[in-house]
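Structure, as C-alpha cells:
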C-alpha cells in the first residue's frame, strides 16, 4: 500500500522513509518510529493500518537502509549503540514531523521499543508535535524525564518486560503526574514487543488489539479524524 519516499532532514540532506496515505481523504498525520530491527515489514504494516484509518503515516529510516533479522540481537544491539538518539530526534524525526505538517494540520509521533523511547524524547523536544504514543519504550532518566514532556503522551507497557520494567514505568508516570502532564499509561499482562505479529514468541493478539484500539482513540482525540 505504501511506498518508499524521501524528505529533507533538519540539518540538510535527505532521509528515506516508508510513506502510506489514506485513499481520498486528507487527514492528520503520524510519524512511526522503528524498533531496533530497522524499518521491518511490521513497521510498514503499522503505517498501512494507520492509512486505512485515515491517517497519513511516515516511518523514517533511522538506520539508513539497514534491516536486521529478528534472530540477530547482537547486530540490533550494535545498531542501537551506534545511533545518536539526540541527532536522530532533532534531524530525522523532527524533519519527518515538519515535512508532514506542510499538508497536515496536526502530526503525532508513535514508536515501538527503541522507537518508543524516541517518541518520548520527541514529545519533549519537537515543538511542532501535537501528541505522542510510546509502545514499551522509555528514554534514560538523564535524557528526558516526565516533567520535560510537552504534549499529551500515551504509553503501552508490558508487565513481563525485563528492559522497560514496571518499576521504570511507574517512576516515569509519577513524574508525569507530579508535573501535571496530560497522559494515559496502560499495562498489559504480556511480554516486550507484544504488538509485533511477526515475532510469534512474544506477540499477544489480545493485548495488541486492545492497545491498537486505545491508540486510535487517542490519536483521534488529539489529531482529529480524516475529512
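We did not get these values from a lab; they are worked out from the coordinates using the rules stated. Keep in mind the model is a prediction, meaning the values are calculated, not measured. When we count neighbours, we look across all protein chains shown, and the Cβ atoms used for this are built from the backbone with ideal geometry, even at glycine.
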| said: Suppose we keep just the DSSP beta bridges with both residues in the range 3-223; what percent of those would be antiparallel, to 5? | reply: 30 percent
| query | What is the extension gain from residue 209 to residue 174, computed as 0.36 nm multiplied by their sequence separation minus the C-alpha to C-alpha distance, in nm to one decimal? | reply | 9.9 nm
| request: With a Förster radius of 41 Å, plug the Cβ-Cβ distance of residue 221 and residue 141 into 1/(1 + (r/R0)^6) and report the FRET value to the nearest 0.05. | output: 0.90
| task | Output the peptides 79-92, 42-55 sorted from most to least packed, where packing is the average of other Cβ atoms within 10 Å over each peptide's residues. | result | 42-55, 79-92
| Packing-based exposure ordering (other Cβ within 10 Å, fewest first) of 218, 36, 212 | 212, 218, 36
| said: Sort 32, 149 by Cβ crowding within 10 Å, fewest neighbours at the top. | reply: 149, 32
| request: Counting other beta carbons within 10 Å of each Cβ, put 99, 162, 156, 203 in order, fewest first. | output: 162, 203, 99, 156
| Residue-averaged 222 nm ellipticity for the chain, from DSSP H runs of 4+ at -39500 (n - 2.57), nearest 500 | -10000 deg cm²/dmol
